[in-house]
Structure formats: structure tokens, C-alpha cells
Amino acid sequence: MGWFAFYVGKDVTVKKDDREFFHRTGDVGVGKCDLSPGIIDNINGSLYVVSDNYMKHYYRTRIIRNQRKKVAPRDIQQAIELFYKPDST
């Protein structure tokens, strides 16, 4: 089990269930997945995955200190950015 952040690399329109979704360059989607940690490049962007253990550690050391009980999408994005670019945060 892992947590991901997908960074859209170019404008793209995705069709799903007779609906269209437009994603702009720079948009970020986050969530849980069944992939192992790592970076996966795609034609439409890049997928960054971290382990569940890392997210648990991040939650215990960062979010609980702020006295919140839920993980917000921005928290997931920050945790992944800290994992892959520790000098930028």
C-alpha cells in the first residue's frame, strides 16, 4: 500500500463515463494506491509514490503536532515533496 501524488505535465482532457475532465499543467492529484514507492513517468505527467509507513511517520510527527485528526490533500502532497525533495521544504 502506498500514497501517491500525480503531477500533470501537460494539459489533457480525460473522458470517463460520457464526461470530460480537463486537467491543466501543474495540477496535482493525491490519494492511496497499491504501488510500491518510486517515480513513474507518464506521457501526461509524473506519479510519485511513498510507502504507507512513511505517511504514518509523517502523520505522527507533523500533523498531530498541529492538533488535527485528518490528513488533508495538501498534507499528502507536502509529505511526498519532502520525501523526494527534502531540501525544498
Next on the checklist: Cβ contacts < 9 Å: first residue over 14 Å from residue 34 (Cβ atoms) and among the basic types (Lys, Arg), restricted to region 45-61; second residue at pLDDT 90 or above and assigned to a strand (DSSP E or B), any location; separation 6+ or different chain. Result?
Outcome noted: none
Checklist entry - From 15, 10, which residue is over 14 Å from residue 79 (Cα atoms) and either in contact (Cβ under 8 Å) with a residue 60 or more places away in the chain or part of a loop (DSSP other than H, G, I, E, B) (or both)? => result 10
Checklist entry - How do the pairs read when you match residues in region 70-88 that are without any contact (Cβ under 8 Å) to a residue 60 or more places away in the chain and among the hydroxyl-bearing types (Ser, Thr, Tyr) with residues anywhere that are assigned to a helix (DSSP H, G or I) and surrounded by fewer than 18 Cβ atoms within 10 Å (Cβ to Cβ), using Cβ under 9 Å and keeping only pairs 6 or more apart or on different chains? => result 88/81; 88/82
Item to check | Residue within region 21-36 that is touching an Asp or Glu at 6+ places or on another chain (Cβ under 8 Å) and either of a type in the set (Gly, Ala, Ser) or not in a strand (DSSP E or B) (or both) present | outcome: yes
Checklist entry - Taking region 10-43, which residues are surrounded by 16 or more Cβ atoms within 10 Å (Cβ to Cβ) and under 19 Å from residue 81 (Cα atoms)? => result 28, 30, 37
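The values are calculated or read from the model by the stated rules, or taken from the named source; none is laboratory data. Predicted model only: the values in this text are computed from it and were never measured. Reconstructed Cβ throughout: ideal geometry from the backbone, glycine too, with neighbour counts over all protein chains shown.
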